[in-house]
1. Testing Ala76 on (1) modelled with pLDDT of 90 or more; (2) at positive phi, one condition comes back false. Which one is that?
2. Output the residues belonging to the stretch 48-85 that are acidic (Asp, Glu) and either under 14 Å from Leu19 (Cα atoms) or touching a Lys or Arg at 6+ places or on another chain (Cβ under 8 Å) (or both).
3. Please go through the stretch 82-94 and give me each residue that is of a type in the set (A, V, I, L, M) and closer than 21 Å to Ile15 by Cα, ordered by number.
4. Just checking, does the stretch 66-78 include any residue being surrounded by fewer than 16 Cβ atoms within 10 Å (Cβ to Cβ) and under 26 Å from Arg10 (Cα atoms)?
5. For the stretch 76-86, which positions are assigned to a helix (DSSP H, G or I) and over 15 Å from Lys63 (Cα atoms)?
6. Scan the stretch 8-30 and report the pairs whose first residue is on the phi > 0 side of the Ramachandran plot and whose second residue is hydroxyl-bearing (Ser, Thr, Tyr), with Cβ atoms within less than 9 Å and a gap of 6+ or a chain change.
Amino acid sequence: MAHSWPGNIRELQNISEMLVVLAEDGSSIDTDSLPDGISEGCGDEPASYVDALRSFEKEFICKILNETGWNRTEAAKKMGIHRNTLTGKMKGLGILKPAMG
């Protein structure tokens, strides 16, 4: 309620869609599910529209990579994008494969 929604209805729609996509089966969506800057107390300034989209994209890519065991070819196929596009997005968003150990 405290978020100013600077992106207006499109920001609200994108955040809502992100929450549904990232929700685990049978889990509820609460304020902990929201990207940084959206829920009260997450930061001094609300996230911009671009920050919200970037946060969603990073979380979505990580979720798909985890589901595919970090197989970039399978993850890209599942997302409907080219493997090179995925690799570029990972680089731009600072997504690194976790160390196995």
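1. Ala76 satisfies all of (1) modelled with pLDDT of 90 or more; (2) at positive phi except (2).
2. Within the stretch 48-85, Glu57, Glu59, Glu67 meet the criteria.
3. Hits for the stretch 82-94 are Met90, Leu93.
4. Within the stretch 66-78, one or more residues are surrounded by fewer than 16 Cβ atoms within 10 Å (Cβ to Cβ) and under 26 Å from Arg10 (Cα atoms).
5. Selection gives Arg83, Asn84, Thr85.
6. Asn8/Tyr49
Residues are listed down the side, and each one gets a yes or a no for (1) at pLDDT below 75; (2) surrounded by fewer than 11 Cβ atoms within 10 Å (Cβ to Cβ); (3) of a type in the set (Phe, Trp, Tyr); (4) in a loop (DSSP other than H, G, I, E, B):
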residue	(1), (2), (3), (4)
Met1	yes, yes, no, yes
Pro6	yes, no, no, yes
Ser16	no, no, no, no
Asp25	yes, yes, no, yes
Asp36	yes, no, no, yes
Ser39	yes, no, no, yes
Val50	no, yes, no, no
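The values are calculated or read from the model by the stated rules, or taken from the named source; none is laboratory data. Keep in mind that this is a model prediction, so the values were computed, not measured. Every residue, glycine among them, receives a Cβ derived from its backbone with ideal geometry; neighbour counts consider all protein chains shown.
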